[in-house]
Amino acid sequence: MIIGTAGHIDHGKTTLVKALTGVDCDRLKEEKARGITVDLGYAYSEKFGFIDVPGHEKLLHNMLAGATGIDFALLVIAADDGPMPQTREHLEIIELLGITQGAVALSKIDRVTVDRQKQAKIEIAELLAGTALRQAPIFPVAALSLDGIAELRAHLEAHASATHDSAGGFRLAIDRCFTLSGIGSVVTGTAFSGQVRVGDNLLLSPPGKAVRVRSLRVHDAPAVSGGAGQRIALGLSGIEKSEVERGMWIVAPSLHLPLQRFDARIRVLAGQPPLKHWTPAHLHLGTEDVPARIALLGADEIAPGTENWAQISVDRALCTLAGDRFILRDAAARQTIGGGRVLDIFPPARKRRSTQRLAMLAALADDNPAAALQLASEQQPAGVALDTYALNRNLDSTRLRELTAGLPLHIVGNTAFSAANWQLLMTRLLVALATEHDRAPEMPGVEHDRLRRLTLPTLARPAFDALLGTALKAGDIAQSNAWLHLPEHRLLIAAADRDLWAILKPLLDAEPTNPPRVRDIARLSGIAEDTVRGLCKRIARSGELYPVAHDHYFTASAIAALARHVAGINARDGCARAATLRDEIGGGRKVAIHILEFFDRIGYTRRVRETHLLRGSPEQFGS
């Protein structure tokens, strides 16, 4: 368990930690000379570790860098002074960070009378009334003479328990970085989640610099692994000390997602003025301190002592995930105005104040991730991207499977739909096809990608393919070559056209991957060019021909074979190029370019510079 000291300057926090552990947390020359704690200090025993924080008002940013990693608050209050301004502010911060375990050390009892001790206890009881620490026991101590230290230590050891979920990716908030001879760059911090082992490849975030764990220590003892809730020192290769700053993170590569905007639940302290929309502030999250702006979502202002939804924008990229706690100080960094919890690191840019969005924020505030996932599946017709949802909450694959298994969802690949929305998509698919038949009865049907856009433009292709596959299997939709249509929709070719097509088709079949153009067909057959052109257009509407380029038609079977060629090239090379296709099918490079551009137009491939990446499936062209 990590214990954090809290309290006013010169109330004896560091001296108390030394009495409990034997370790002097003041390590800097300035701290030794001035007799006050300037930066974070650390001490460890067999059962717990201490983070000793500065008590001076001007050093509160250093206090906050350590406070976000503690499980148990040890509030230190000098018997002669009693509660002071920083005592109250530290207590407010403890509450805002969701720390509910704690005890009070009534220090310097050797300097006051018994009556003063009693009065100080009354003042402390009044201070703690109505807070999460209202039941915290008070231990009178004198650190120099060790009076009361044994009783306090026994209490801490008896309550030295904290449960931390080691699931999810590893995250460590860096609070120190230094160089050790023979080890190299070392970073220290509290692990927020996951596990780390010697040899792991991680990232320094936000910079995105790759690092490797060469060695590690947990609570200042050598170890081969560490995890959530522990104080960890990582010896890293791949970075120099000059590249690391307090506020950065060491994370699993999948969690590297620097951002400058997130949605949150904010609470304003009772003694502060109402929080207005677009208020500037200092955001303290993890060990980071960054200027921010607060956009209110559910109200025009947040009254003192209340909470509401907000979207926070920061001046520079930081790392965070849902569930992280943060503190807000005013723009001048003079006083704490409130704090809260991160809810969504993928906030919408539009309709962020809508009733639907506010309902989603309420679901995201629920500790059970099932509530938000179920609501999202109901709100989003195109489904919920499960990898994005899992990343927001740092859910590993096992937790995600358990979560989805307990919900009435229809899952296609990486996308989850509510049962009602999946059925609605099926209805939209059939309605879109029927509407298109009414609009263009002379057409044999609708192309695969166009039908997806008509159904729902934002629907992912794998989900649409699954939807379409269900309809095809059920017989609700039929496929003729690459054309999709309702079973009752038929486009009949006139008998004269059918007879003429029987004469001309062998000319195209003779060279399927480079068939003759309209003028060449006319020359070879002796039929007027306009007649051939008109026939090709009518046959194309029936789905047996495709206009790949101007006056250059390919048969449906040839296009199906070419689609398989392009898919094979993509599988082998990662993309298709005109030169590669030309070499495989023969003919000129110009024809290969026309074929690939045709596939781009119909959505089967996507052009990226001089390459063509597969988007569809050969099955969409029939057999």
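The values are calculated or read from the model by the stated rules, or taken from the named source; none is laboratory data. Computed from a prediction, not measured in an experiment: that's the story for all the values here. No Cβ is skipped: glycine too gets one built from the backbone with ideal geometry, and neighbour counts run over all protein chains shown.
Let me spell it out: the conditions are (1) surrounded by fewer than 19 Cβ atoms within 10 Å (Cβ to Cβ); (2) farther than 28 Å from Arg231 by Cβ, and Ile109 meets all of them except one. Which number is the exception? Of everything listed in (1) surrounded by fewer than 19 Cβ atoms within 10 Å (Cβ to Cβ); (2) farther than 28 Å from Arg231 by Cβ, Ile109 misses just condition (1).
In region 574-589, how many are assigned to a helix (DSSP H, G or I), aliphatic (A, V, I, L, M) and surrounded by 14 or more Cβ atoms within 10 Å (Cβ to Cβ)? Steps first, answer last, please.
Narrowing region 574-589 to residues assigned to a helix (DSSP H, G or I): 578-585, 589.
With the extra rule that they be aliphatic (A, V, I, L, M), the set shrinks to 578-579, 581, 585.
Checking which are surrounded by 14 or more Cβ atoms within 10 Å (Cβ to Cβ) leaves us with 578, 581, 585.
Looking only at that region, the number is 3.
Number of residues in region 416-443 that are of a type in the set (Gly, Ala, Ser) and crowded, with 20+ Cβ neighbours inside 10 Å equals 2.
Residue-wise test of (1) touching a strand residue (DSSP E or B) at 6+ places or on another chain (Cβ under 7 Å); (2) within 27 Å of Gly586 (Cβ to Cβ); (3) hydroxyl-bearing (Ser, Thr, Tyr).
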{"residue": "Asn514", "(1), (2), (3)": "no, yes, no"}
{"residue": "Asp520", "(1), (2), (3)": "no, yes, no"}
{"residue": "Ser525", "(1), (2), (3)": "no, yes, yes"}
{"residue": "Pro547", "(1), (2), (3)": "yes, yes, no"}
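Taking Arg564, is it touching a residue at least 40 places away in the same chain (Cβ under 8 Å), outside the structural domain of His612 (by TED's automatic domain parsing) and closer than 22 Å to Leu613 by Cα? Answer is no for this residue.
Among what's in region 349-378 and is polar (S, T, N, Q) and buried (at least 16 other Cβ atoms within 10 Å of the Cβ), pick the residue that is farthest from Pro457 (Cα to Cα).
To start, the set of residues in region 349-378 that are polar (S, T, N, Q) comprises 354-356, 368, 374, 377.
Now narrow it down to the ones that are buried (at least 16 other Cβ atoms within 10 Å of the Cβ): 374, 377.
Numbers: Gln374: 22, Ser377: 17 Å.
Here the residue is Gln374.
Among residues of region 10-22 that are over 10 Å from Leu144 (Cβ atoms), those with a Cβ under 8 angstrom from a residue that is outside any helix (DSSP H, G or I) and among the basic types (Lys, Arg), sequence gap 6+ or separate chain, pair up as His11/Lys108. Listed conditions (1) in contact (Cβ under 8 Å) with a residue 40 or more places away in the chain; (2) part of a helix (DSSP H, G or I); (3) aliphatic (A, V, I, L, M); (4) within 17 Å of Tyr546 (Cα to Cα) are all met by Ala463, apart from (4). Under the condition of being under 25 Å from Ala561 (Cβ atoms), of a type in the set (A, V, I, L, M, F, W, C) and out of contact with any helix residue (DSSP H, G or I) (no Cβ under 6 Å at 6 or more places or on another chain), the residues counted in region 485-503 number 2.
Could you check region 95-119 and list, in sequence order, the residues that are farther than 19 Å from Glu151 by Cα and part of a helix (DSSP H, G or I)? Steps first, please.
So the first thing to find is which residues in region 95-119 are farther than 19 Å from Glu151 by Cα, and the list is 95-100, 111-113, 115-116, 119.
Residues satisfying the conditions are Glu95, Leu96, Arg111, Asp115, Arg116, Gln119.
Taking the conditions (1) surrounded by fewer than 21 Cβ atoms within 10 Å (Cβ to Cβ); (2) touching a residue at least 24 places away in the same chain (Cβ under 8 Å) in turn, Val196 satisfies each one other than (1).
For (1) of a type in the set (Ser, Thr, Tyr); (2) surrounded by 20 or more Cβ atoms within 10 Å (Cβ to Cβ); (3) in the same structural domain as Ile70 (by TED's automatic domain parsing), each residue gets a yes or a no:
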| residue | (1), (2), (3) |
| --- | --- |
| Ile138 | no, no, yes |
| Val141 | no, yes, yes |
| Ser145 | yes, no, yes |
| Ile149 | no, no, yes |
| Ala154 | no, no, yes |
| Asp175 | no, yes, no |
| Gly182 | no, no, no |
| Ser185 | yes, yes, no |
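Return yes when Asp175 is closer than 26 Å to Glu46 by Cα, at pLDDT below 95 and assigned to a loop (DSSP other than H, G, I, E, B) and no when it is not.
Details: closer than 26 Å to Glu46 by Cα: yes; at pLDDT below 95: yes; assigned to a loop (DSSP other than H, G, I, E, B): no.
Judged against the criteria, Asp175 is not a match.
If the condition is being closer than 23 Å to Pro273 by Cβ and surrounded by 22 or more Cβ atoms within 10 Å (Cβ to Cβ), then region 312-328 contributes Ile312, Phe326, Ile327, Leu328. Of the listed requirements (1) at pLDDT below 70; (2) in contact with a Pro (Cβ under 8 Å, 6 or more places away or on another chain); (3) within 21 Å of Leu106 (Cα to Cα), His56 misses just one: (2). Of all residues in region 99-130 being among the hydroxyl-bearing types (Ser, Thr, Tyr) and closer than 27 Å to Ile70 by Cβ, which is nearest to the chain's Cα centre (by Cα)? Taking the candidates together, the pick is Thr100. Of the residues screened, Ala496 is one that is closer than 23 Å to Gly445 by Cα, without any contact (Cβ under 8 Å) to a residue 24 or more places away in the chain, small (Gly, Ala, Ser) and out of contact with any Leu (no Cβ under 8 Å at 6 or more places or on another chain).
If you check Ala592 against the conditions, is it of a type in the set (Gly, Ala, Ser) and either within 34 Å of the chain's Cα centre (by Cα) or part of a strand (DSSP E or B) (or both)? So that I can check it myself, show each step before the final result.
On the way: of a type in the set (Gly, Ala, Ser): yes; either within 34 Å of the chain's Cα centre (by Cα) or part of a strand (DSSP E or B) (or both): no.
When the stated conditions are applied, Ala592 does not pass them.
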